[in-house]
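Notes to accompany the following structure.
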Amino acid sequence: MNDNLVIAGKEFSSRLILGTGKYDSPETCLAALEASGTEIVTVAIRRLDLDNPDKPTELDYIDWKKYTILPNTAGSKTVEEALLTARLGRELTGSEWVKLEVIPDAKYLLPDPISTLEAAQTLIGEGFTVLPYIHADPVLAGRLEEAGCATVMPLGSAIGSGQGILTLDEVKIIVEEAHVPVVVDAGIGAPSDAALAMEIGADAVLLNTAVALSEDPPSMAEAMRQAVEAGRKAYLAGRIPKKAYASASSPLEGVVRTTEGPRRIPVS
């Protein structure tokens, strides 16, 4: 059965999206990308050193034939900054795809819902394929889908916090109501977090810090890959419902009770 991730008509066999920031070297980043099995790689356009044309950036050492480059507007505090960054990303990469981030708050790094919707509407009108990063707000997710966004990307918890999915109930609602792929983005700290996101029905997981700042990024990237695959399989298989009381896994037929407790009668 074909269970590929489909975003804006493009198919991907991997459901793990990886960022390129915070690695100690380009070599470590490339090794992690390879181990993760990812096919979509995010690049923060505003953090590229474009004033020094002789200095290599992430765009120079990533294999564009192997990965889909997803420019993002990280570092944008206003609608205007996000629009400018998205347009610059399109010029640099030739791609209409953009991960939209509008984050005015430097302390908690929470996305601005009003500015995100405004920027998304403008970019969609300019022909962009918009993947917006948002708080886990089902109403906002619905509005962005109505505006024409290719995905919705609710946070699990604060960017880089590694706290896991603190917005579990809200993400479940978004998954239930969305008609576009739901990508859990931000807060993933361990493979168990990534697996949980997939188990509740998210279509993909996007992460960076959990891999880049781990002690062994390639090994952690591989673990995240396996977790995403396992979580997806578990979701498709259908987990058992949670119950308030125990339920014996062994059959009770053939068990008699005595004053000494239950005793199973052997069957000839």
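The values are calculated or read from the model by the stated rules, or taken from the named source; none is laboratory data. As the structure is a computational prediction, the values presented were derived from the model and not from experiment. So basically every Cβ, Gly included, is an ideal-geometry build from the backbone, and we count neighbours across all protein chains shown.
One residue stands out among those in the stretch 125-138 that are at negative phi and assigned to a loop (DSSP other than H, G, I, E, B): the one that is surrounded by the fewest Cβ atoms within 10 Å (Cβ to Cβ), which is E126. In this entry, E58 is excluded by the filter for residues that are under 20 Å from I134 (Cα atoms), charged (D, E, K, R) and surrounded by 16 or more Cβ atoms within 10 Å (Cβ to Cβ). Candidates A82, A106, A141: the one that is among the small types (G, A, S), assigned to a loop (DSSP other than H, G, I, E, B) and at negative phi is A106. A single entry from A186, A190 fulfils the requirement of being of a type in the set (A, V, I, L, M, F, W, C) and out of contact with any Ser or Thr (no Cβ under 8 Å at 6 or more places or on another chain): A190.
Inspection of the stretch 27-48 identifies no residue that is part of a helix (DSSP H, G or I), surrounded by 16 or more Cβ atoms within 10 Å (Cβ to Cβ) and acidic (D, E). Looking across A35, A8, A31, one residue alone is modelled with pLDDT of 90 or more and either more than 25 Å from K233 (Cα to Cα) or of a type in the set (F, W, Y) (or both). It is A31. Filter the stretch 88-113 down to the residues that are touching a Ser or Thr at 6+ places or on another chain (Cβ under 8 Å) and acidic (D, E), then identify the one that is nearest to F128 (Cα to Cα). Top of the filtered list is E96. With respect to being crowded, with 24+ Cβ neighbours inside 10 Å, touching a helix residue (DSSP H, G or I) at 6+ places or on another chain (Cβ under 9 Å) and modelled with pLDDT of 95 or more, T122 falls outside the description. The residue that is surrounded by the fewest Cβ atoms within 10 Å (Cβ to Cβ), counting only those in the stretch 96-110 that are of a type outside the set (D, E, K, R) and under 20 Å from the mean Cα position of the chain (by Cα), is Y108. Annotation: L18 fulfils all but one of (1) at pLDDT 95 or above; (2) among the hydrophobic types (A, V, I, L, M, F, W, C); (3) over 24 Å from S161 (Cβ atoms); the unmet one is (3).
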